[in-house]
Amino acid sequence: MKNLTVVFKPICTITISRPQALNALNQETLAELKTVISECINRSDIKGIIITGSGEKAFVAGADIKELTQLSKDAAFALAQSGQQIFKMIEDCPKPVIAAVNGFALGGGCEFAMACHIRLASENAKFGLPEVNLGILPGYGGTQRLAQLVGRGKALELAMTGDMISAQEAKEMGLVNHVTSTQAELLELADKIITKILKKGPLAIAAVIKSVNTGYQFANEGYRTESENFAALTTTKDFTEGTSAFIEKRNPNFKGE
Ligand code: CO8
């Protein structure tokens, strides 16, 4: 694996590692994740999954913006759909999946964490859906899962302002279950919670996950509408302006075109 460090024990720890891009998810990393998650689901000696980011700054700073600028509309739609499927595979994993958010969890990184069953964060973590700063919207299920976790009003505010929130604010609104003061404590807590879950009946745990998820239909209009809108927005001048502004480290000047 080029972009992931994977330790297979009874609990599989997956560390996203692309330090040059604050662990942003490019297509290669997504493909690697798909392979590892499938392996975790299929291997009977793997009992649960912890996902974290390498370094002290970022969990995952989003989809890889530079890669997004190279996509055609059809490729953007296909990538959004395939990312949604991979995150759905995580959400439906019959074994517990914990996101240990150790820094920026923005855009696709926040969407990734939201697909996990439980989110823990260290004090320095920051959450947000800043896609509107680029002239796009979240495309990996974020419009659906954020509303599920924090309610429609707060989800709309976060997705429309693109604001970043602290770990404590994320906890207050239900996006995060627990906050730790250090990153070392973060992984210890993840280990402690998953170990507690693994002492319960595995069939019962799988049934809890399946039952909770069945109440939140994936096959609804929301996910498809999100990926269609994502693809359409990648063809706009606003997207070119938003991504150019990010790369040139300046504020965007959107014209609604
Ligand atoms: N993609 C690519 N490169 C990135 C990303 C990213 N998401 N985030 C950071 N980087 C790179 C920077 O370009 C920079 O590279 P370089 O050193 O070559 O200039 C390096 O990482 C370090 O970043 P900064 O210098 O910007 O670090 P700062 O500490 O100043 O800022 C931030 C940290 C605030 C996290 C800032 O990097 C930032 O705003 N990053 C972008 C966050 C963002 O907008 N995320 C959303 C991306 S879009 C998305 O996720 C869509 C998901 C749905 C996809 C659907 C289908 C395709």
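The values are calculated or read from the model by the stated rules, or taken from the named source; none is laboratory data. In this text, all values refer to a predicted model and were calculated from it rather than measured experimentally. No Cβ is skipped: glycine too gets one built from the backbone with ideal geometry, and neighbour counts run over all protein chains shown.
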Practice item. Identify all residues within region 122-135 that are of a type outside the set (A, V, I, L, M) and not in a helix (DSSP H, G or I); write none if there are none. Key: 122, 123, 124, 126, 127, 128, 135
Check your understanding: Taking the stated definitions as given, is residue 122 more than 9 Å from the ligand (Cβ to nearest atom), among the hydroxyl-bearing types (Ser, Thr, Tyr) and crowded, with 22+ Cβ neighbours inside 10 Å?
Key -> yes
Revision key, fill the gap. Only one of (1) modelled with pLDDT of 95 or more; (2) surrounded by 12 or more Cβ atoms within 10 Å (Cβ to Cβ); (3) out of contact with any helix residue (DSSP H, G or I) (no Cβ under 7 Å at 6 or more places or on another chain) does not apply to residue 242, and that is (3)
**Study point:** Count of residues meeting criterion [assigned to a helix (DSSP H, G or I) and free of Cβ contacts under 8 Å to residues at least 60 places away in the same chain] in region 160-194
**Key:** 10
Exercise for review: Can you confirm whether region 83-93 contains a residue that is basic (Lys, Arg) and surrounded by fewer than 20 Cβ atoms within 10 Å (Cβ to Cβ)?
Suggested key: yes
Practice item. Those residues that are more than 16 Å from residue 143 (Cα to Cα) and assigned to a helix (DSSP H, G or I), I need them from region 206-231; list them, please. Key: 206, 207, 208, 209, 210, 211, 212, 213, 214
Study note, to complete from the structure: Within region 42-82, of all residues that are touching a Gly at 6+ places or on another chain (Cβ under 7 Å), near the ligand (Cβ under 8 Å from one of its atoms) and of a type outside the set (A, V, I, L, M, F, W, C), the one nearest to residue 26 (Cα to Cα) is 62
Review point. Touching a Lys or Arg at 6+ places or on another chain (Cβ under 8 Å) and free of Cβ contacts under 8 Å to residues at least 40 places away in the same chain: does that describe residue 3?
Key: yes
Check your understanding: What number of residues within region 58-88 satisfy the criterion of being among the hydrophobic types (A, V, I, L, M, F, W, C) and closer than 22 Å to residue 127 by Cβ?
Key -> 10
Point to revise | Residues located in region 160-187, provided they are in contact with a Gly (Cβ under 7 Å, 6 or more places away or on another chain) and among the small types (Gly, Ala, Ser) | key: 162
Check your understanding: Quick one: which helices (runs of 4 or more DSSP H) sit completely within region 21-121 and have at least 1 residues that are within 23 Å of residue 180 (Cα to Cα)?
Key -> 108-115
**Study point:** Residues located in region 176-198, provided they are under 25 Å from residue 146 (Cβ atoms) and modelled with pLDDT under 95
**Key:** 183
